Amino acid sequence: MTDTHSIPNHYDMPDAKGRFGDFGGLYVPETLMPLVLELNEAWEDAKKDEAFWAEFHSLLKYFVGRPSPLYYAERLTQHFGGAKIYFKREELNHTGAHKINNCIGQILLAKRMGRKRIIAETGAGQHGVASATVCARFDLPCIVYMGALDVERQKPNVFRMNLLGAEVRPVTNGNGTLKDAMNEALRDWVTNVHDTYYMIGTAAGMHPYPVMVRDFQSVIGKETKEQILELEGRLPDAVIAAVGGGSNAIGLFHPFIDDDSVKIVGVEAAGHGLEVYNGHAASLNGGRPGVLHGNRTYLLQDDDGQILEGHSISAGLDYPGIGPEHAHLFDTGRARYVTATDKEALEAFQLTSKLEGIIPALESSHAIARVGDLAKEVGKGGIVVLNLSGRGDKDIFTVANALGQQMGGL
Amino acid sequence: MSVARIDARFAKLKAENKSAFVSYIMAGDPDVETSFEILKGLPAAGVDIIELGFPFSDPMAEGPTIQLAAERSLKAGTKIAQVFELARRFRETDQDTPLILMGYMNPVENMGYEGFANACAEAGIDGLIVVDCPPEEADGLSDALDAADVALIRLATPTTDAARLQTLIKRTKGFIYYVSVAGVTGVKEVDAGGIAAEVAKVKAASGLPVVVGFGIRTPERAAEVARIADAAVVGSALVDEIKKSLPENAQAVTKVLETARVLAQAVHQARV
């Protein structure tokens, strides 16, 4: 149980300054520096505490419902006619996505630090719902910053958060999406420095968030490794996941980084197409390095260093940056990053619903859109594991709208 | 000139037993030409040091007023090169007033540290404040600025303890900017009595002038700060005058300069 925080044999990123090669770091206003350094100390301390991990794993088992199954997607495998495709079923977790793994870890850390108030940012609302859920469970007030446009697009999740006792604050600054929500959460933190814990939802932002969120999410890859050894008696040939900020992907990838035989593939959102200016959310394939929200990483930006909004049909991938560890894996070539457009994700969404009886999140649908190529590349007799990071119930309105169907009084 | 220009200005004011009045405006707000008109009028209005914001799309430490100023500037199409051009034109009209550029890291990264530092020096900019660049990440930028004789100015805050202060004052030149409230710009109000001891500590540790900003909107607050610090900064209250005047740009110039004059007077007379 305590090996959740163990480091693989060779790969030992980040360094003490929170650097993954050229990426990561600590770019925050001075008011926040003492808090971020204190958080890092608290995290380093908790990491060594077996009781902390015992409580984490107990909650994952009894509250979240882990381990999530590793499921052989037989009909999708037949459909593509290549390697066997397995789904890591993160969508079966409590609250319907991988986001809860991280929130359990962070709420335990917040309690340990004696914080009295939790703030979070959310795009589609999945991290907001997971944050509201753990705050209800641990009796802490929760304020969720959400872009005004997203509040409008994701009403069911806003209702869920309210039901769980959280206060959702719509953010009208900027364009009213995830990056603006993150700016506003940072402004709250800088204003309420003494009692507030900022629960970041992805493996990005300032050190130690990228490494901490990765370590909480790497339960996904560790379980996958055990399960595939049990089912197939060997490691997979490839693992694949969708990448926005990149927490579900790094959670699956990290335990496989030292396994050279395992191909690692991330799928970025190509939106309307990589060739469309400001029309996609592919920070690696269509951006360049810069500094935003506390870390150096690949960003969507214009020639003058102003951040672009980007676009994806999936609100969870609609972010102009990416976690710094992905930037590092991209630069070193250990992982490969491909893209899928809105249209391809929509097709994968429908295909998986019909073939597997599973409605995947639009985020995960981006990975599914590329898994056929990967299964063919690996070939018959091979094994590919895909992170089915979330369920698609939240996306039915978006999909209906994109398909030109009305959903009446829903 | 650069760092020396900042030192000379503080030396002069010290000889007169005056605190400095520092004004902040955003370059390109509401457009480049109007902000030039404001910029060039500030010294005559009594401004001793000018902070010129360069716009960034995601200004995470700013309150609503400066956020909107950045939005207006970017909407008007302001480029970072035009910010340097503004500074250069200002320098043709005034050789003595220190000019400090203030903004966020990504536009600096985008030009490269050397490129940005050299552009500062060529435009007659004397100092640089980068809100999201703590000492831990500043070595490369410090090297480039040192080579160009431009001061990297750091912020100390209410969360800064004695140990942290020692980290902050290394490689700082010109002055230290003390952020008077934990929060974003222009929202909470400064309590001059409450921060006097902290300001004195920062001054003693750094041996540099201490400039106080973030919560000063009125002549009364500015005067209170002037009594306990080497300078008082006003930003949001000036930028608000631009917003209130729009779309009358000429009126924005007049209003900002009038407001600056009243604030400058309050600061300069505070110790009399």
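No value in this document is a laboratory result; all are computed from the given coordinates. The structure presented is a predicted model; accordingly, all values stated were derived computationally and were not measured. As a convention, Cβ positions derive from the backbone with ideal geometry for all residues, glycine included, and neighbour counts pool all protein chains shown.
Taking the Cα centre of segment B:2-268 as reference, the dipole from Cβ charges on Lys and Arg (+1) and Asp and Glu (-1) amounts to some 640 debye. Once the Cβ-Cβ distance of residue A:195 and residue A:50 is raised to the sixth power relative to R0 = 35 Å, the FRET efficiency obtained is 0.80. Electrostatic tally near residue A:359: other residues with Cβ closer than 15 Å to its Cβ, Lys and Arg +1, Asp and Glu -1, net -2. Across the protein assembly as shown, the convex hull enclosing all Cα atoms gives 148 Å³ per residue. Net length available on complete extension from residue B:254 to residue B:94 is 55.7 nm, with 0.36 nm assigned per residue and the Cα-Cα distance removed. Near residue B:100, within a Cβ-to-Cβ distance under 9 Å, what is the net charge of the other residues, with Lys and Arg +1 and Asp and Glu -1? Here the charged neighbours net out to -2. Inter-part distance, segment A:163-184 to segment A:72-141, computed on C-alpha centroids, equals 19 Å. Across chain B, Cα-Cα pairs more than 34 Å apart make up 9 percent of the total. What separates the Cα centres of segment A:268-313 and segment A:357-410 is a distance of 23 Å.
The Cβ shell under 15 Å around residue B:191 holds other residues with a net charge of 0, Lys and Arg each +1, Asp and Glu each -1. Under 11 Å from a label point set 7 Å out along the Cα-to-Cβ vector of residue B:143, no amide N atom of segment A:267-309 is found. Counting every alpha-carbon pair across segment B:173-272, the share separated by more than 19 Å comes to 44%.
Note on the protein assembly as shown: antiparallel DSSP beta bridges, both residues inside, total approximately 20 percent of the bridges counted. Close amide-amide hydrogen proximity is noted between residue A:19 and A:25, each under 5 Å apart and 5 or more residues distant or on a separate chain (H modeled in the peptide plane; Pro and chain starts excluded).
Taking every DSSP helix (H) stretch of at least 4 residues in the protein assembly as shown, weighting each as -39,500 (n - 2.57) and dividing the sum by the residue count yields a mean residue ellipticity at 222 nm of -13500 deg cm²/dmol.
Under the classification rounded if a/c is under 1.5, otherwise prolate if a/b is larger than b/c and oblate if not, where does segment A:186-316 fall, given a ≥ b ≥ c as square roots of the Cα gyration tensor eigenvalues? Here segment A:186-316 falls in the oblate category. Volume per residue for segment B:233-272 equals 46 cubic angstrom (convex hull of Cα atoms).
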